[in-house]
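These notes are about the structure you will find just below.
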Amino acid sequence: MFGDLRRFDTGSPWSVDWFREWLDEVFPEPGATDIRAVPRGTFPMINIGRTDDAVRVYVFAAGLAAGDLELSLQDNVLTVQGERKVATDETEGDARRPYFRRERAGGSFTRSIALPEGLDADRAEARWRNGVFEITLPKREELKPRRIEIQSA
Amino acid sequence: MNEITRQQSNRQPRVQGGEDSRGERDRALQPPVDIYEEGNALHLVADLPGVTPESLSIEVDNNMLSLEGEIRLEMPEGMTAIYAEVRAQRFARRFTLSHEIDGDAIEARIDKGVLHLRLPKKPSHQRRRIEVRAA
């Protein structure tokens with residue numbers, strides 16, 4: 001569903017994306033992965049969707065348990081805060097293990113994201129499943145779509 | 001309102017059926033991974049948020065390790081995206097294995113969206129300690 005959003009991307013053709021697209025075309029991705037081919041995204045990644053009566057925020061935070069993420073909403077800005085511990089050499093004491101790849105982000109993070117106005121923070125709910133946090137923020141009554149009756153003159 | 005919703009839902013199949021279809025469906029995210037060696041085995045840790053044990057597939061074919069997982073989210077009907085960083089429905093990544101990995105003995109577990117793979121080495125390739133004798 002979120003893939004749909006791509007259709008609305010109308011960035012300037014001379015931006016970096018243009019160059020990246022061209023590169024992808026000239027050098028198609030090989031079957032096996034290259035060590036530099038990984039886009040290093042932010043952690044955690046966030047998706048937001050909207051229904052008629054609520055806004056839903058999905059926080060993709062693999063490795064975090066339900067209690068590891070702190071959510072706060074002020075005005076219409078949602079802040080997610082937490083810490084992810086990625087196993088490091090220290091956890092193994094003196095036994096240092098050789099790493100070949102370290103791409104997973106670790107440490108503490110804070111992200112803030114603006115949401116549409118008119119959400120009812122008091123009725124917000126959050127759920128957690130398989131490393132994805134799902135926050136449902138209901139819209140206030142006056143923002144829900146309303147049917148307008150047409151009266152005959 | 002009804003009409004708008006209907007038009008949107010009509011549009012989607014058309015996009016998928018069109019020339020874009022292959023690209024749309026094949027688009028997959030590359031999960032970030034950690035790979036390290038410990039205890040006569042290689043360990044691969046991958047972030048796959050939203051992937052369930054059922055929607056995850058791990059295959060080893062001819063020294064090629066393929067990870068693929070579908071992101072299962074609970075989404076209410078009629079939801080429109082207003083912002084998205086995760087713009088694909090699945091994760092996929094492939095690795096070539098070296099010959100010393102015992103493909104039959106690979107163990108996998110997924111917890112909180114984090115996949116942990118243990119790729120043991122074949123016994124003949126395990127590390128041996130060489131005793132040094134005094135002359």
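Condition test on A:Gly63, is it in a loop (DSSP other than H, G, I, E, B), farther than 21 Å from B:Met75 by Cβ and modelled with pLDDT of 85 or more? Talk me through it step by step, then tell me what you get.
Values: in a loop (DSSP other than H, G, I, E, B): yes; farther than 21 Å from B:Met75 by Cβ: yes; modelled with pLDDT of 85 or more: yes.
Answer is yes for this residue.
Those residues that are under 18 Å from A:Phe109 (Cβ atoms), more than 7 Å from chain B (Cβ to nearest Cβ) and either aliphatic (A, V, I, L, M) or surrounded by 15 or more Cβ atoms within 10 Å (Cβ to Cβ) (or both), I need them from segment A:44-78; list them, please.
A:Pro44, A:Val57, A:Val59, A:Ala66, A:Asp68, A:Leu69, A:Leu71, A:Leu73, A:Val77, A:Leu78 - these are the residues of segment A:44-78 that are under 18 Å from A:Phe109 (Cβ atoms), more than 7 Å from chain B (Cβ to nearest Cβ) and either aliphatic (A, V, I, L, M) or surrounded by 15 or more Cβ atoms within 10 Å (Cβ to Cβ) (or both).
When residues of segment B:57-74 are filtered for being closer than 17 Å to A:Ala61 by Cα and either in contact with a Leu (Cβ under 7 Å, 6 or more places away or on another chain) or part of a strand (DSSP E or B) (or both), how many remain?
3
Counting residues that are more than 7 Å from chain A (Cβ to nearest Cβ), which strands (runs of 3 or more DSSP E) fully inside segment B:75-129 reach at least 1?
Working: elements: B:80-84, B:90-96, B:107-111, B:114-120.
So the answer is B:90-96, B:107-111, B:114-120.
Pairs needed: first member in segment B:37-52, more than 7 Å from every other protein chain (Cβ to nearest Cβ); second member anywhere, surrounded by fewer than 22 Cβ atoms within 10 Å (Cβ to Cβ); C-beta distance under 6 Å; at least 6 residues apart or different chains.
B:Asn40/B:Lys121; B:Asn40/B:Gln126; B:Ala41/B:Arg118; B:Ala41/B:Pro120; B:His43/B:Tyr36; B:His43/B:Arg118; B:Leu44/B:Ile35; B:Leu44/B:Leu117
What pairs come up if the first residue lies in segment B:118-131 and is under 21 Å from B:Phe95 (Cα atoms), the second is outside any loop (DSSP other than H, G, I, E, B), and their beta carbons are under 6 Å apart, counting only those six or more places apart or on different chains?
From segment B:118-131, the pairs are B:Arg118/B:Ala41; B:Arg118/B:His43; B:Arg118/B:Glu107; B:Leu119/B:Ala41; B:Leu119/B:Leu42; B:Leu119/B:Ile101; B:Pro120/B:Ala41; B:Pro120/B:Ala105.
How many residues does segment A:105-119 hold that are surrounded by 14 or more Cβ atoms within 10 Å (Cβ to Cβ) and either in contact with a Gly (Cβ under 7 Å, 6 or more places away or on another chain) or without any contact (Cβ under 8 Å) to a residue 60 or more places away in the chain (or both)?
So the count comes out to 3.
Quick check on segment B:58-67. Is at least one of its residues under 23 Å from A:Phe100 (Cβ atoms), surrounded by 18 or more Cβ atoms within 10 Å (Cβ to Cβ) and touching a Pro at 6+ places or on another chain (Cβ under 6 Å)?
At the first step, the residues of segment B:58-67 found to be under 23 Å from A:Phe100 (Cβ atoms) are B:58-67.
Cutting the leftovers down to surrounded by 18 or more Cβ atoms within 10 Å (Cβ to Cβ) gives us B:65, B:67.
Subsequent filtering for residues that are touching a Pro at 6+ places or on another chain (Cβ under 6 Å) retains none.
Checked segment B:58-67: no residue is under 23 Å from A:Phe100 (Cβ atoms), surrounded by 18 or more Cβ atoms within 10 Å (Cβ to Cβ) and touching a Pro at 6+ places or on another chain (Cβ under 6 Å).
Could you pull out the residue among B:Glu85, B:Glu19, B:Glu68 that is at pLDDT 85 or above and acidic (Asp, Glu)?
So the residue among B:Glu85, B:Glu19, B:Glu68 that is at pLDDT 85 or above and acidic (Asp, Glu) is B:Glu68.
The values are calculated or read from the model by the stated rules, or taken from the named source; none is laboratory data. It should be emphasised that the depicted structure is a prediction, and the values quoted were computed from it without experimental measurement. Reconstructed Cβ throughout: ideal geometry from the backbone, glycine too, with neighbour counts over all protein chains shown.
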